[in-house]
């Protein structure tokens, strides 16, 4: 098993920051982007259910449209790749059955053998929650994907910026997500910083380790 150096991990996490200014001339290579997409696919989720879609946008015209729905911020237009992290609204038994079918295929078992697993998921998510609670649960899962994406990008030396400063309903409308049963939750822009982005050189403001981590 290949592992990265511990010092490299910490250095890259110190290096990354929420990039405010992207160089629109620099694009992420196809090879690096493919690795980032694989990282998104490998994102863990509760029950393994993956209640999301990751919408990748590179079309300059579409990205420009999203600026107005992003409080006028330029990152969506100037970045190389824009990812919209969206939930599957009102997830139910259909999505659970699709996941179990996939599990049966990958692990070479019968769907029938997964009945107890199905009953547990249906009981927890469908019978145990109303629609609003399921959507809230899915939104929490999506943020795991954001963390995976930001860390993976940093390890590849790619800049990124998570963004909640946008209007989800307008994103849904512009991208047609509402027609697909999806709803935008958070956005991440990725690419390469400009040399004029003052935030790149600012020291990170974090509480000391002994104030953040509790050993019991």
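Can you name the residue in segment 56-94 that is closer than 30 Å to residue 120 by Cβ and surrounded by fewer than 20 Cβ atoms within 10 Å (Cβ to Cβ) and is also modelled with the lowest pLDDT among such residues? Let's see the steps before the verdict.
Going through segment 56-94, the residues closer than 30 Å to residue 120 by Cβ turn out to be 85-94.
Retained after the next criterion (residues that are surrounded by fewer than 20 Cβ atoms within 10 Å (Cβ to Cβ)): 89-90, 92-94.
Numbers: 89: 96, 90: 91, 92: 95, 93: 97, 94: 97.
Looking at residues that are closer than 30 Å to residue 120 by Cβ and surrounded by fewer than 20 Cβ atoms within 10 Å (Cβ to Cβ), I get 90.
Where the second residue is surrounded by fewer than 17 Cβ atoms within 10 Å (Cβ to Cβ) and in a loop (DSSP other than H, G, I, E, B) and the first is touching a residue at least 24 places away in the same chain (Cβ under 8 Å) and on the phi < 0 side of the Ramachandran plot and lies in segment 1-29, which pairs have Cβ atoms under 7 Å and are six or more apart or on separate chains?
14/204; 19/197; 20/197; 21/196; 21/197
Yes or no, residue by residue, for (1) under 18 Å from residue 192 (Cα atoms); (2) touching a strand residue (DSSP E or B) at 6+ places or on another chain (Cβ under 9 Å):
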residue: 54; (1), (2): no, yes
residue: 63; (1), (2): yes, yes
residue: 66; (1), (2): no, yes
residue: 76; (1), (2): yes, yes
residue: 85; (1), (2): no, yes
residue: 99; (1), (2): no, no
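As an exercise: evaluate residue 181 against (1) more than 18 Å from residue 86 (Cα to Cα); (2) in contact with a strand residue (DSSP E or B) (Cβ under 7 Å, 6 or more places away or on another chain); (3) surrounded by fewer than 18 Cβ atoms within 10 Å (Cβ to Cβ) and give the number of the one condition it does not meet.
(1)
Any chance you could count how many residues in segment 1-38 are in contact with a helix residue (DSSP H, G or I) (Cβ under 7 Å, 6 or more places away or on another chain) and part of a helix (DSSP H, G or I)?
Adding up the residues that qualify gives 4.
The values are calculated or read from the model by the stated rules, or taken from the named source; none is laboratory data. In this text the structure is predicted, and so the values were computed from the model without any measurement. Every residue, glycine among them, receives a Cβ derived from its backbone with ideal geometry; neighbour counts consider all protein chains shown.
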